[in-house]
1. What number, rounded to the nearest 500 deg cm²/dmol, is the helix-based mean residue ellipticity at 222 nm of the chain, given -39500 (n - 2.57) per DSSP H run of at least four residues and division by all its residues?
2. To the nearest 0.05, what FRET efficiency results for residue 12 and residue 128 with a Förster distance of 22 Å applied to their C-beta separation?
3. Roughly speaking, to the nearest percent, how much of the chain's 1.4 Å accessible area is carbon and sulfur?
4. Can you compute the charge dipole magnitude of the chain about its Cα centre, using +1 on each Lys and Arg Cβ and -1 on each Asp and Glu Cβ, nothing else charged? Give it in debye, rounded to the nearest 20.
5. Give the distance, in whole Å, between the Cα centre of the stretch 102-117 and the Cα centre of the stretch 1-71.
6. Compute the acute angle (0 to 90°) between the alpha-carbon long axis of helix 119-141 and the principal axis of greatest extent of the alpha-carbon atoms of the chain; round to the nearest 10°.
7. Say the dipole of the stretch 1-117 comes from +1 at the beta carbon of Lys and Arg and -1 at that of Asp and Glu; which of 28, 45, 58 then lies farthest toward its positive end?
8. Over the chain, give the accessible area per residue in Å² for a 1.4 Å probe, as an integer.
Amino acid sequence: MEDSFSLFGLFAVAFLAATILPAQSEAALVGLLVLGEQSPFTLVIVATTGNVLGSVTNWLLGGWIEHYRGRRWFPVSERALESAKNWYRRWGRWSLLLSWAPLGGDAITVAAGVLREPFWSFVLLVTIAKGVRYIVLAAITLKVF
């Protein structure tokens, strides 16, 4: 039962970390890897799945967010959204490979929704980016390199 709670916690933190809410999925993953109570493969899959679904939430929000742009409660600053959109226009869907980045990664996923990136390519590229990040982090933590 405890394993289920820690996996759910990792999923939740990874999901939140992919949204505009502050969370540290890397710390949670490393902590669970160090404890050694679950399979590293399972932990990486759970973290990747939560993080990708959080990014899908950003993509969905981006699809309708323009309607509320400029309002005081708007979650992304005008400048950050324009910067992300310009970046996305310049580099296209390949910029989604930077969606793992702590600074700007979330904005890129929102911009992809605003600019109507097809869902299939969005999910594929974001899964690659976020999955590779967690695999590298797990390999470093477990001293595989």
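The values are calculated or read from the model by the stated rules, or taken from the named source; none is laboratory data. Keep in mind that this is a model prediction, so the values were computed, not measured. Cβ: placed from backbone, ideal geometry, glycine included. Neighbour counts: every protein chain shown. These accessible areas exclude ligands, DNA and RNA; they are computed on the full protein's heavy atoms, side chains included. Shrake-Rupley method; radii C 1.70, N 1.55, O 1.52, S 1.80 Å.
1. -23500 deg cm²/dmol
2. Working: r = 23 Å, r/R0 = 1.03.
For R0 = 22 Å, the calculated efficiency reads 0.45.
3. Values: 5800 of 8350 Å².
Its accessible area is 70 percent carbon and sulfur atoms.
4. Roughly 660 debye for the chain.
5. A separation of 16 Å, based on Cα centres.
6. 40 degrees
7. Working it through, the farthest residue towards the positive pole turns out to be 58.
8. Computed with neighbouring chains in place, this is 58 Å² per residue.
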